[in-house]
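The values are calculated or read from the model by the stated rules, or taken from the named source; none is laboratory data. Quantities reported herein were computed from a predicted structural model and do not represent experimental measurements. Quick reminder, even Gly has a Cβ in these numbers, built from the backbone with ideal geometry, and neighbours come from all protein chains shown. Note: areas computed on protein heavy atoms with side chains; ligands, DNA, RNA excluded. Shrake-Rupley method; radii C 1.70, N 1.55, O 1.52, S 1.80 Å.
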Amino acid sequence: MPRVAFLGLGAIGTPMARHLAHPDLDLVVWNRTASRAAAFAAETGARVAATPAEAARGREVVITCLPVSRDVEGLLEGPDGLLATLPAGAVLVDCTSGDAATSRRIAERLASRGIAFLDAPVSGGVAGAEKGALTVMVGGDADTLERVRPVLARFGTRIVHCGGVGTGDALKAVNNALLGLALWGTAEGLAALEKAGVRADVALEVINASSGRSNASMNLFPERVLTRAFPRTFRLALLDKDVAIAADLCREVGVPAPLLELTAGLLREAHAALGEEADHVEAVRVVEQRAGQVIGGHAPQASAPRGAA
Ligand code: NDP
């Protein structure tokens with residue numbers, strides 16, 4: 001097995017890296033906030049590097065999982081950067097939900113040093129990462145993917161080659177745009193139904209047995225909205241970023257996408273209103289505020305609204 005470094009011990013990076021903390025991979029970790037890396041090392045026995053350069057020294061595979069592609073690009077250069085030590089023949093696997101243009105730029109920079117690059121964003125959330133059951137969507141050279149597949153298989157059960165560099169990023173962005181769309185639309189519909197006298201739990205029972213269902217209606221609303229739990233697993237700031245990438249993609253390839261543009265705008269507003277630390281499901285709070293109705297707070301109205309008659 002290759003020797004592996006993992007950089008970026010955030011909400012999803014940490015459970016992913018846990019699956020790599022086995023002696024055969026000789027895992028080294030680096031995190032911008034060193035205390036998180038120290039806590040991870042104390043828990044797993046992994047080694048902590050003080051800089052990206054130290055993490056990359058002698059590694060065959062380096063995995064990054066940061067908020068945006070530019071953060072990854074920012075780790076490459078300088079005396080502490082990955083390129084100071086990452087050997088030719090190594091592979092940088094970027095599990096950030098990134099953007100294709102920056103990924104292509106990173107790939108070119110690495111190629112000039114004989115280092116391969118794969119964009120490999122993941123889906124399945126923190127729960128999927130904890131179970132080692134993520135989907136990994138990979139852009140880049142197919143043979144390079146086969147070289148690192150045994151490593152990715154430690155945290156991914158579905159590892160899909162999507163095409164050239166940037167195609168994993170593109171697919172991930174569209175997937176999350178659909179999440180944003182379903183989350184927002186379901187919130188609007190449930191707020192309206194509750195105002196019209198249909199309890200949200202009753203509405204969800206029907207929707208989840210019908211054609212309007214989605215991951216949002218089946219899991220997020222029952223587990224996080226009706227319970228008012230709103231655990232922080234995936235920041236709204238990151239969903240905002242993903243939907244903006246999807247809208248950019250549509251513009252770049254010339255596909256008119258008024259619905260995705262609208263979703264991107266709504267999530268941008270929600271992100272601005274709720275701040276950097278809010279979870280993505282909390283976007284529902286903005287819909288509730290506009291509607292004057294808490295979803296699951298039950299109907300303020302005893303009966304359905306009367307029509308003109
Ligand atoms: P978090 O915000 O929880 O963690 C971000 C990590 O990146 C932290 O380790 C942080 O370090 C580090 N970081 C932030 N900025 C920089 C920088 N400029 N340079 C170096 N390190 C930096 O994010 P997540 O773990 O939730 O997400 C990571 C990626 O995975 C994102 O692209 C996200 O969209 C994607 N993703 C997340 C999912 C989830 O459910 N959370 C699901 C699927 C994909 P520090 O500790 O110092 O803050």
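At 1.4 Å probe size, with every protein chain present, just tell me what the per residue accessible area of the chain comes to in Å². Intermediate results must be reported in sequence, preceding the final value.
Values: 13770 Å² over 309 residues.
For the chain, the solvent-accessible area averages 45 Å² per residue.
Which residues among the range 204-238 fall inside the zone where the amide N is under 18 Å from a point 7 Å beyond the Cα of Lys131, along Cα→Cβ?
Counting only backbone N, you get 214-224, 233-234.
Say a site is exposed when it is one of the trypsin sites (Lys or Arg not before Pro), sits in a DSSP loop, and has at most 11 other Cβ atoms within 10 Å; what is then the longest site-free stretch of the chain?
With trypsin sites (Lys or Arg not before Pro) excluded where exposed in loops, the chain gives 1-227 as its longest stretch.
Give me the log10 of I(q) over I(0) for the range 170-291 at q = 0.17, 0.20, 0.21 Å⁻¹, as the Debye formula computes it from C-alpha points; what are the numbers?
Result of the Debye calculation: -0.83, -1.10, -1.19.
On a full-extension model of 0.36 nm per residue, what is the gain between Arg47 and Val253, subtracting their alpha-carbon distance, rounded to one decimal in nm?
Residue separation times 0.36 nm, minus the Cα-Cα distance, leaves 69.8 nm.
In Å and on Cα atoms, what radius of gyration and Dmax does the range 128-167 show?
Values for the range 128-167 (Cα only, Rg and Dmax): 10.0, 28 Å.
I'd like the FRET efficiency for Arg268 and Glu108, computed as 1/(1 + (r/R0)^6) with the beta carbon distance as r and R0 of 35 Å, rounded to 0.05. Before the final figure, lay out each step's value.
On the way: r = 30 Å, r/R0 = 0.86.
About 0.70, to the nearest 0.05.
Of the residues Ala209, Ala187, Ala116, which exhibits the maximal mean-square fluctuation in a Gaussian network model of the chain defined by a 10 Å Cα contact cut-off?
Greatest mean-square fluctuation among the candidates belongs to Ala209.
Along each principal axis of its Cα atoms, how long is the range 1-155 end to end? Whole angstroms, biggest number first, please.
The Cα atoms of the range 1-155 stretch 37, 32, 28 Å along their principal axes.
For the chain, can you list the cysteines whose C-beta has no other cysteine C-beta under 4.7 Å from it?
Within the chain, the cysteines lacking a partner Cβ under 4.7 Å are Cys162, Cys250.
When the expected Rg is taken as 2.2 N^0.38 Å, what fraction or multiple of it is the alpha-carbon Rg of the range 97-213? Write out the running numbers ahead of the final one.
Numbers: Rg = 19.1 Å, N = 117, 2.2 N^0.38 = 13.4 Å.
So the range 97-213 has a normalised radius of gyration of 1.42.
Taking amide hydrogens as modeled 1.01 Å from N in the peptide plane, which residues meet the under 5 Å criterion relative to Gly164, leaving out close sequence neighbours?
Gly140
Using the Kirkwood radius over C-alpha pairs as Rh, can you work out the diffusion coefficient of the chain via Stokes-Einstein at 10 °C, viscosity 1.306 mPa s, in µm² per second?
77 µm²/s
How big is the charge dipole of the chain about its Cα centre, in debye rounded to the nearest 20, if each Lys and Arg gets +1 on its Cβ and each Asp and Glu gets -1 on its Cβ?
Numbers: 31 positive and 34 negative charges, 74 e Å.
Once rounded to the nearest 20, the dipole reads 360 debye.
Roll a 1.4 angstrom probe over the protein heavy atoms and tell me the percent of accessible area of the chain that is carbon or sulfur.
55 percent
Need the list of lysines near Lys172 for cross-linking: C-alpha distance under 17 angstrom, and skip anything on the same chain fewer than eight residues off.
Lys241
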